[in-house]
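The values are calculated or read from the model by the stated rules, or taken from the named source; none is laboratory data. Keep in mind the model is a prediction, meaning the values are calculated, not measured. Glycine gets a Cβ as well: all are built from the backbone with ideal geometry, and neighbour counts include every protein chain shown. Quick note on the areas: whole protein, heavy atoms, side chains included, nothing else; ligands and nucleic acids left out. Shrake-Rupley method; radii C 1.70, N 1.55, O 1.52, S 1.80 Å.
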Amino acid sequence: MILKSKIKIAAFALTSLLYVTLSGCGKTMTYSDHLDEEDDQIENFIKDHHVTIAGTMPADSGDWVDSNGNEIYYLYASGKAEGLYYHQVKLGEGTTVPQKNWTAYVRYAGYTLTGTMRYNCTAQYSPDPQSFKITSDASGSTFGEGFQQAVKNLRVGGKCKVIIPFKIGNESNVTITGSTLSDAEEYRPMYYEIELVGLE
């Protein structure tokens with residue numbers, strides 16, 4: 001009787017282990033799965049925040065809110081998986097446009113689309129802005145293609161909000177906890193509030 005019980009227990013344990021192993025294998029996500037998950041996160045953010053998506057960039061600062069008072073985000077032509085979602089809060093002063101190889105000084109806060117803060121360079125946490133060199137394709141920069149494109153739309157003193165899909169996200173950046181993580185490797189879209197403080 002004891003032997004039968006031990007055999008049953010062993011058989012149950014083996015079955016459970018096999019189930020867990022097979023279940024774990026089944027949960028391996030493909031790149032396509034990550035894209036689908038990202039699309040869902042972005043769509044939920046847009047719905048929850050009552051955002052209007054436009055295929056044409058508004059002409060000036062007064063046109064970035066629709067008739068219902070919802071913020072308008074311009075989606076760059078490359079589309080959902082690679083396109084920057086850009087909302088201009090304030091253009092900034094003057095006519096000087098950020099150029100390649102210039103140094104941009106920015107304050108920003110970066111969040112996951114569920115609202116968890118990941119990166120912070122606002123005056124509350126750092127009195128000095130972060131600086132980075134503007135590049136043509138953002139290669140080698142911790143500030144990725146999407147972030148740089150957003151900054152290139154501003155003038156000094158300008159502010160924007162953006163949704164950045166992971167494919168054009170930061171290559172790496174230091175989080176507020178001090179660890180270095182990569183949005184691209186984590187397949188995580190991000191939401192940023194950015195202010196262009198200066199250029200040189």
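Structural remarks
- The set of residues in region 102-119 that are open to solvent by less than 60 Å² (accessible area, probe 1.4 Å) and not in a loop (DSSP other than H, G, I, E, B) comprises THR103, ALA104, VAL106, ARG107, TYR108, ALA109, GLY110, TYR111, THR112, MET117, ARG118, TYR119.
- Odd one out for CYS160, checked against (1) outside any loop (DSSP other than H, G, I, E, B); (2) more than 11 Å from the chain's Cα centre (by Cα); (3) modelled with pLDDT under 85: (3)
- Within region 45-83, the only residue that satisfies the criterion of being open to solvent by 50 Å² or more (accessible area, probe 1.4 Å), touching a Leu at 6+ places or on another chain (Cβ under 7 Å) and among the aliphatic types (A, V, I, L, M) is ILE53.
- Subset tally (residues that are part of a loop (DSSP other than H, G, I, E, B) and in contact (Cβ under 8 Å) with a residue 24 or more places away in the chain) for region 58-77: 4
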